[in-house]
Amino acid sequence: MKIICVMGARPNFVKVAALYRAFSKYPEFSVSLVHTGQHHDDAMYKVFLTQLGLPKPDFSLCIHGGSHTGQTAQIMLAFEKVLSSESPELVMVVGDVNSSLACALVAAKEGVRLAHVEAGLRSGDKSMPEEINRILIDHMSDELFVSEESAVSNLRNEGIAADKIHFVGNVMIDSLVYGREKASEIPVLKDLGLEKGGYVVMTMHRPSNVDSPVELKMLTDLIQSLCEIKPLVFPVHPRTKSSLISYGIWDQLEQCSGLHLLPPQGYLEFINLISNAALVVTDSGGVQEETTFLGVACVTFRKSTERPSTIGEGTNRLVGDLDVAHAISIISEVINGKKKPTSLPALWDGLASDRIVQIIQKKYLK
C-alpha cells in the first residue's frame, strides 16, 4: 500500500517520525515523505530530521512565507503535482498547520483516501487559524485518529460517522518516549550553568501574544518578573524574534539579568530543557502535552486550549491574556510547591503509531 505522509512545521516532524518508524516495521507499506517547506531552515527543520531518525524527504515543495491564504494555495498547487505523479492509495496529514490543510484539500479534491492524525481537537476559538484547519481537515477525512477522549465527543457531535473515528492515543508521546533517553545525555544544562529544577522554560510564538507592541510589552514585563524568581530559558521562535527586534525590545531583553535567550532548539535539547525545568510557560499546543507526560508543571497563555486533557488530567494551567500579575501569582504558587494531582490521559503510552498502522493494515489490506 502506497502512502504519502505530509509534514510542514516542527510539530509535524515529531509526529511523522513516530508514524514512519511504525510503518517501517511492515514491508507491505511503502511510505513517501513530503516536506512542504513551511518550516525550512536548519534550526526549525534539518536538526529535527536528524534527531528523530527521519530520512531526507522524498519530495520537498519549498513553499514558505506569505499570508495564510497564499501559503495554502501554493502548497496545494505543488502537492497536486506530487499526487498526480505518485498515485498514492492514502494521504496522511498530522496536526493543524496550513500544510496539513492544503494537502488534505488536494487529496479530497482528487478522490484519494485521507487520514488525519490528531483529529477532533477543538479549542472553540475560530479566531485561531489552526481551529479552522482542524475542522476542515476532519470533515474531509476518511480515517480520523484521535489522541484524547474529548476529541471523540467533538467529532461525534459534529456528525462524523463512528466507524471513521479511532481513539489510538498520542503520536507526539511516541516520539517523546523514543527520544527521552537520548535527550537526557545532552549537556545543555551544564552548558547554560543551570541545575535540575532551578530554572523556568518559556516558549511564545502565537500572534495573539507576540504580534503587537501591546502584547510584547506585557511579555517583556512577564519575562522580567519571572527572572526575579528563577533563571529563565527562552528559546526564541524566529517570528517572535522578528517582532521583538522590529519593536525595539530585543536589545532590552538582552540586558535582562537571569535570562538565557537561545535560538530554536533541537528536539532532544528542548526535551532535556523542559524535562528538568521547575516550570514551563508556553502558548504551544504540543508543549502542553509533553509537559503533562513528563510531569512538569505548565502555565499556558491562551484563552482556550484544544487539549483539555492536559488541564483535566495533566499538569497544565490555563491563563487567559498576558495578565502579568495574575500569571506571576499562579507561577509563584507552582514554584513554591502548590501542584495539583495529575495522571496521564488514556493511551499516552508510546504505542499510538503502532495502533494506527494496525488499523490501516486491517482495514485496507484484508
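The values are calculated or read from the model by the stated rules, or taken from the named source; none is laboratory data. Since we're looking at a predicted model, the values are computed, not measured. Counting neighbours? That spans all protein chains shown, and the Cβs are built from the backbone with ideal geometry, glycine included. Remember, those area values only see protein heavy atoms, side chains included, never the ligands or the DNA or RNA. Shrake-Rupley method; radii C 1.70, N 1.55, O 1.52, S 1.80 Å.
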Considering only the stretch 211-236, state which residues are among the acidic types (Asp, Glu) and not in a helix (DSSP H, G or I).
211, 228
Can you tell me which residue is nearest to residue 12 (Cα to Cα) among those in the stretch 274-300 that are assigned to a strand (DSSP E or B) and β-branched (Val, Ile, Thr)?
282
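Of all the residues that make up the stretch 298-312, how many are of a type in the set (A, V, I, L, M) and open to solvent by 10 Å² or more (accessible area, probe 1.4 Å)?
Our first condition is that a residue be of a type in the set (A, V, I, L, M); within the stretch 298-312, this holds for 299, 311.
Going one step further and asking which of them are open to solvent by 10 Å² or more (accessible area, probe 1.4 Å), we end up with 311.
Qualifying residue count, the stretch 298-312: 1.
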Does residue 62 qualify as being farther than 23 Å from residue 270 by Cα and either free of Cβ contacts under 8 Å to residues at least 24 places away in the same chain or outside any loop (DSSP other than H, G, I, E, B) (or both)?
no
Go through the stretch 125-143 and count every residue that is at pLDDT 95 or above, closer than 15 Å to residue 304 by Cα and open to solvent by 50 Å² or more (accessible area, probe 1.4 Å).
1
Kindly establish whether residue 176 is surrounded by 14 or more Cβ atoms within 10 Å (Cβ to Cβ), modelled with pLDDT of 90 or more and in contact with a strand residue (DSSP E or B) (Cβ under 6 Å, 6 or more places away or on another chain).
no
If I ask for residues that are open to solvent by less than 50 Å² (accessible area, probe 1.4 Å) and part of a loop (DSSP other than H, G, I, E, B), which ones from the stretch 237-273 would you list?
237, 249, 256, 258, 264, 265, 266
Which of the numbered conditions does residue 234 fail, given that it passes all the others? Conditions: (1) open to solvent by 20 Å² or more (accessible area, probe 1.4 Å); (2) within 22 Å of residue 10 (Cβ to Cβ); (3) of a type in the set (A, V, I, L, M, F, W, C).
(1)
Go through (1) over 29 Å from residue 352 (Cβ atoms); (2) modelled with pLDDT of 95 or more and name the single condition residue 202 misses.
(1)
Which residue pairs have Cβ atoms under 9 Å apart, sit 6 or more places apart or on different chains, and have a first residue in the stretch 159-172 that is free of Cβ contacts under 8 Å to residues at least 40 places away in the same chain and a second that is basic (Lys, Arg) and surrounded by fewer than 18 Cβ atoms within 10 Å (Cβ to Cβ)?
162/156
Residue tally, condition surrounded by fewer than 19 Cβ atoms within 10 Å (Cβ to Cβ), within 26 Å of the chain's Cα centre (by Cα) and closer than 15 Å to residue 113 by Cα, over the stretch 349-366:
1
Just to be sure, is residue 310 under 30 Å from residue 214 (Cβ atoms), part of a helix (DSSP H, G or I) and either among the basic types (Lys, Arg) or touching a residue at least 12 places away in the same chain (Cβ under 8 Å) (or both)?
yes
